[in-house]
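Comments concern the structure below.
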Amino acid sequence: MAGPDSTTDGATAASTARRVVGWSLFGFALLLSGPLLTLATGDASLRGDWRTATHRTAGLAPDPSLHPSAIVQVYASRTFGWRGAFADHTWLAVKPAGADGYTRYEVIGWYGRGGGSVVSVSNRRDADAEWYGKPARLIRDLRGPEAEAVIAKLDSAVTAYPYPTTYRAWPGPNSNTFVAHLGRAIPELRLTLPPTAIGKDYVPLGESVGWSPSHTGIQLSLFGVFGVIAGIDDGFELNVLGLVTGVDVRNPALKLPGIGRVPG
């Protein structure tokens, strides 16, 4: 027969369990509040047809005829449809010295259908073109010798990408996994991706602890589902289920799921 102590212990355990569940639900609701706000403000939309979406230039890429030096730029844009409430699509645009146009380096998921490569290296689309109706944002811009140092290592870094025929929107590998890989492979890029670049933290299990993409911080990540980053350029980031919260100290800002940097 159970005594009064066992009854008290059972009630205490039940109360603790309720608190844990309650706080967990509250934390999950906070993580989702950013994406819901993004939908409510129209930054992401449940409507639209990818077949008629625009791909207009943002006017952010310098005219090659006026800027003969080497250029490397990294862009981000909201993903198409409801996924845009959570995530960005990122890519690189590169113009070697003296070249008359840009080449885009990115991962496009549907290219992998039938076992093809998801890695796209193409000059058919403007460097700063909209991603299916969503404007491009410039997040890294290198010119001259800095750009040349990145370009010298770019082809080998692309070839070394470990998931050329695999794509998963969540938790990765995806377009952001590819760009983050380039950052880790090319320290000269010194790349800090936005917190909304879901998939940037996806790394093989054997690389769970290592450099952040910027090479100014250390990252601990479990397949991009849980992890932390702390660094000079990165600030502090906590990744829970791919949703990143944190703070940037060097360029003061909060990092919020779905919203990104505040202020931007």
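The values are calculated or read from the model by the stated rules, or taken from the named source; none is laboratory data. What you see is a predicted model; the values in this text were computed from it and never measured. Note that we place each Cβ from the backbone using ideal geometry, even for glycine, and neighbour counts take in every protein chain shown. The area values use the complete protein model at the heavy-atom level, side chains included, leaving out ligands, DNA and RNA. Shrake-Rupley method; radii C 1.70, N 1.55, O 1.52, S 1.80 Å.
Here are a few things to note about the model shown:
- Looking only at the stretch 246-264, residues that are out of contact with any Lys or Arg (no Cβ under 9 Å at 6 or more places or on another chain), charged (D, E, K, R) and open to solvent by less than 50 Å² (accessible area, probe 1.4 Å) come to 0 in all.
- Residue list for the stretch 64-95, filter: within 25 Å of the chain's Cα centre (by Cα), open to solvent by 10 Å² or more (accessible area, probe 1.4 Å) and of a type outside the set (A, V, I, L, M): R78, T79, F80, G81, W82, R83, F86
- The stretch 226-245 - residue that is part of a loop (DSSP other than H, G, I, E, B) and at pLDDT 95 or above and, of those, surrounded by the fewest Cβ atoms within 10 Å (Cβ to Cβ): I232
- Those residues of the stretch 29-63 which are open to solvent by less than 80 Å² (accessible area, probe 1.4 Å), over 21 Å from the mean Cα position of the chain (by Cα) and not hydroxyl-bearing (S, T, Y), in sequence order: A29, G48, D49, A53, G59, P62, D63
- Condition met for S77 (within 30 Å of A149 (Cα to Cα) and touching a residue at least 60 places away in the same chain (Cβ under 8 Å)): yes
- Filtering the stretch 103-115 to residues that are open to solvent by 30 Å² or more (accessible area, probe 1.4 Å) and either within 14 Å of D126 (Cβ to Cβ) or in contact with an Asp or Glu (Cβ under 7 Å, 6 or more places away or on another chain) (or both) leaves only T103.
- Meets criteria (open to solvent by 60 Å² or more (accessible area, probe 1.4 Å), closer than 26 Å to G81 by Cβ and among the acidic types (D, E)) for D155: no
- All positions within the stretch 106-159 that are among the small types (G, A, S), closer than 14 Å to T90 by Cβ and either in contact with a Gly (Cβ under 8 Å, 6 or more places away or on another chain) or not in a loop (DSSP other than H, G, I, E, B) (or both): G109, S120, A129
- Enumeration of residues in the stretch 186-197 that are surrounded by 19 or more Cβ atoms within 10 Å (Cβ to Cβ) and either part of a helix (DSSP H, G or I) or at pLDDT below 95 (or both): L189
- Odd one out for K134, checked against (1) surrounded by 20 or more Cβ atoms within 10 Å (Cβ to Cβ); (2) within 14 Å of the chain's Cα centre (by Cα); (3) among the basic types (K, R): (2)
- Per-region count, the stretch 51-74, residues assigned to a loop (DSSP other than H, G, I, E, B), touching a helix residue (DSSP H, G or I) at 6+ places or on another chain (Cβ under 8 Å) and of a type in the set (A, V, I, L, M, F, W, C): 1
- Among the candidates G81, G101, the residue that is at pLDDT below 95 and small (G, A, S) is uniquely G81.
- Filter result for the condition that a residue is under 11 Å from the mean Cα position of the chain (by Cα), open to solvent by less than 10 Å² (accessible area, probe 1.4 Å) and among the polar types (S, T, N, Q), over S214, S175: S175
- All conditions but one from (1) over 19 Å from F86 (Cβ atoms); (2) touching a residue at least 12 places away in the same chain (Cβ under 8 Å) apply to F223; the one that does not is (1).
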